[in-house]
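The values are calculated or read from the model by the stated rules, or taken from the named source; none is laboratory data. Quick caveat, the model's predicted, so the values are computed rather than measured. For neighbour counting, all protein chains shown are included, and Cβ atoms are generated from backbone atoms with ideal geometry for every residue, glycine included. All accessible areas refer to the heavy atoms of the entire protein, side chains included, with ligands and DNA or RNA removed. Shrake-Rupley method; radii C 1.70, N 1.55, O 1.52, S 1.80 Å.
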Amino acid sequence: MIIVLKAGSTDAEVEDVCGRIERMGYRAHTIRGELRTVIGAIGDDRGKDRLKSLESLECVEAVQPILQPFKLASREVRREATVISVDGVGIGGTEIVVMAGPCSVESREQVFEVAAKVKAAGARILRGGAFKPRTSPYSFQGLGESALKMMALARAETGLKVVTEVVSPSDVELVARYADILQLGTRNMQNYALLQEAGKSGKPVLLKRGMSSTVEEWLLAAEYVLSQGNRNVILCERGIRTFETATRFTLDLNAVPLARELSHLPIIVDPSQATGRWQLVRPMALAAVAAGAHGLIIEVHPTPNQALSDGAQSLDFESFDRLMQDLRRLLGALAKQLA
Ligand code: PEP
Ligand code: MN
């Protein structure tokens, strides 16, 4: 249920309503919008009639059910778009944020070279895998903490923020020490222990859509993070499994405007994992932004044919520059700009 407060409610009133909600056995999540404050009462639906009694309070305008199964992620709870600040870089507004870097961190030289190049081209966030959730246990699994250190050094050198994947609940604390955004991968979208641990960390979370998950399941996964009191969830569409085998996955661009309709959370697109082919990355990146994505995450490698993972879908520096030039032109037509 959501408890909509009257405009101009005081902090003391908000606190009082939260206390009452909690005494009824619900968790209270206060969402302050520009126009109104609402309090989400999250818990077992069965006692919801008791919450209705809050309508008798002077400061309460209405007590309404949240119709969607996901609650805190829903537009019903928050009408305004959420803009997440990643150490000063806003994601979810009209400025488009580009995250770029190698699939896996392979060496200090590689990360530094990529970081400098993608920064010069206009990226704000450096991606790079330290812990890789590979489909085969015999594939390169990532360099672990030493890769996190390399990315942290690249951040110190360039000012880029860092996004990197965490694959296990017990690694959340370690990864959160180095990263600005915790990436939760497609293979882990329904790893609820991991979602909750990432929620508790309070760090911004980049939540990839499960390759076989519906949009509803994805938003319910976001709910696991949000319900821990972490509001900083960025959705990421990265392609889903279909009958098509000519590409690695099928980029579901429907999900972009749909997620924006259903949720206030920012959404970005990963055309690299979605297509599996570098030739398709630029056109699909542009299409994603035209469809309303707030940002992109792109794999870039100095020598894609020597990459330890995902070389076939990685752009070289020249192709990445071309993508960024085309993106700037597109943004001009959309009256948007790069962050
Ligand atoms: C990646 O970003 O390199 C990755 C493994 O992503 P996904 O979880 O979408 O496959
Ligand atoms: Mn990859």
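Of the residues making up the range 175-198, those that are open to solvent by less than 50 Å² (accessible area, probe 1.4 Å) and either assigned to a helix (DSSP H, G or I) or under 20 Å from R231 (Cβ atoms) (or both) number 15. Would you say R134 is open to solvent by 20 Å² or more (accessible area, probe 1.4 Å), assigned to a loop (DSSP other than H, G, I, E, B), touching a residue at least 24 places away in the same chain (Cβ under 8 Å) and not small (G, A, S)? So R134 fits the description; yes.
Residue count for the range 99-110, restricted to those that are within 15 Å of ligand 1 (Cβ to nearest atom) and either modelled with pLDDT under 95 or under 14 Å from G144 (Cβ atoms) (or both): 3.
Candidates S201, S213, S168, S227: the one that is open to solvent by less than 50 Å² (accessible area, probe 1.4 Å) and at pLDDT below 95 is S227.
Residues of the range 314-327 that are part of a loop (DSSP other than H, G, I, E, B) and over 24 Å from L184 (Cβ atoms): D316 alone.
Any chance you could count how many residues in the range 1-52 are within 21 Å of L67 (Cβ to Cβ), part of a helix (DSSP H, G or I) and open to solvent by 20 Å² or more (accessible area, probe 1.4 Å)?
To start, the set of residues in the range 1-52 that are within 21 Å of L67 (Cβ to Cβ) comprises 1-5, 21, 24, 26-31, 33, 35-52.
From what's left, part of a helix (DSSP H, G or I): 21, 45-52.
After this cut, where a residue has to be open to solvent by 20 Å² or more (accessible area, probe 1.4 Å) as well, the list is 45-50, 52.
Count: 7.
Answer yes or no as to whether R127 is within 19 Å of E299 (Cα to Cα), within 16 Å of ligand 1 (Cβ to nearest atom) and charged (D, E, K, R). Yes: the conditions hold for R127.
Comparison of V77, V114 shows that the only residue that is on the phi < 0 side of the Ramachandran plot and modelled with pLDDT under 95 is V77. Evaluation of T164 against the conditions (1) farther than 19 Å from R231 by Cβ; (2) more than 13 Å from the chain's Cα centre (by Cα) shows that the sole unmet condition is (2). Taken over the range 220-251, residues that are in a loop (DSSP other than H, G, I, E, B), within 16 Å of ligand 1 (Cβ to nearest atom) and of a type outside the set (D, E, K, R) amount to 5. When residues in the range 261-313 are screened for being within 16 Å of ligand 1 (Cβ to nearest atom), in a loop (DSSP other than H, G, I, E, B), over 14 Å from the mean Cα position of the chain (by Cα) and among the small types (G, A, S), 3 of them pass.
When the range 313-325 is filtered for residues that are of a type outside the set (F, W, Y) and either at positive phi or surrounded by 15 or more Cβ atoms within 10 Å (Cβ to Cβ) (or both), the ones remaining, listed by number, are Q313, S314, L315, D316, S319, D321, L323, M324. Any residue that is more than 15 Å from G101 (Cβ to Cβ) and either in a strand (DSSP E or B) or β-branched (V, I, T) (or both) - is there at least one of those in the range 157-171? Yes.
Summed over the range 69-120, the residues that are open to solvent by 10 Å² or more (accessible area, probe 1.4 Å), within 22 Å of H294 (Cβ to Cβ) and of a type in the set (A, V, I, L, M, F, W, C) give a count of 3.
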